[in-house]
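Single-structure report; data block below.
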Amino acid sequence: LFDQVNIQETHPHLPNGMEPDSKKECERYEELIRSLGGVDLQLLGMGHNGHIGFNEPGQAFETGTHCVDLHTMGIKTIMQAKKILVVVSGEDKAEIVKKAFFGPVIPGVPASILQMHNDVILVGDEAALSLI
């Protein structure tokens, strides 16, 4: 990705998946985000079950950066971003888009918490947005 976009090599910040002490790395990453003034733009996709940032249904909304089989930024950390951009495509995402943005805010649909953020942009193709 970074070879294809105009971002200086020093600007992206990612968790170090090679750090053997995952708890230490999660804490370091959270502190880095705080020290830089927070996340300006959080770019997300959304899974068929409403997961965002690999935060699967049923996880607490208050979770910060934590480890799962894939290292992931937690919903609490995502929600602290100044702006969130969600990109979806395909008719197979239409139902979950409707649930996430117009249904109840519940951990069973993690993306539904985005309704509580004051600056979210949803970008999708016609098929993905067909039910809203």
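Given the criteria closer than 17 Å to P110 by Cα and in contact with a His (Cβ under 8 Å, 6 or more places away or on another chain), does I96 qualify?
Values: closer than 17 Å to P110 by Cα: yes; in contact with a His (Cβ under 8 Å, 6 or more places away or on another chain): yes.
For I96, the condition - closer than 17 Å to P110 by Cα and in contact with a His (Cβ under 8 Å, 6 or more places away or on another chain) - is met.
One line per residue, one yes/no per condition, for (1) of a type in the set (V, I, T); (2) open to solvent by 50 Å² or more (accessible area, probe 1.4 Å); (3) in contact (Cβ under 8 Å) with a residue 60 or more places away in the chain:
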{"site": "N6", "(1), (2), (3)": "no, yes, no"}
{"site": "H11", "(1), (2), (3)": "no, yes, no"}
{"site": "E25", "(1), (2), (3)": "no, no, no"}
{"site": "E31", "(1), (2), (3)": "no, yes, no"}
{"site": "P110", "(1), (2), (3)": "no, no, yes"}
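Could we say that K76 is open to solvent by 50 Å² or more (accessible area, probe 1.4 Å), under 30 Å from P20 (Cα atoms) and free of Cβ contacts under 8 Å to residues at least 40 places away in the same chain here? Give the steps one after another, and end with the answer.
Working: open to solvent by 50 Å² or more (accessible area, probe 1.4 Å): yes; under 30 Å from P20 (Cα atoms): yes; free of Cβ contacts under 8 Å to residues at least 40 places away in the same chain: yes.
Yes, satisfied.
The values are calculated or read from the model by the stated rules, or taken from the named source; none is laboratory data. Model, not experiment: these values are computed from the prediction. Reconstructed Cβ throughout: ideal geometry from the backbone, glycine too, with neighbour counts over all protein chains shown. The protein model used for the area step is the full one, side chains on, heavy atoms only, and it has no ligands, DNA or RNA in it. Shrake-Rupley method; radii C 1.70, N 1.55, O 1.52, S 1.80 Å.
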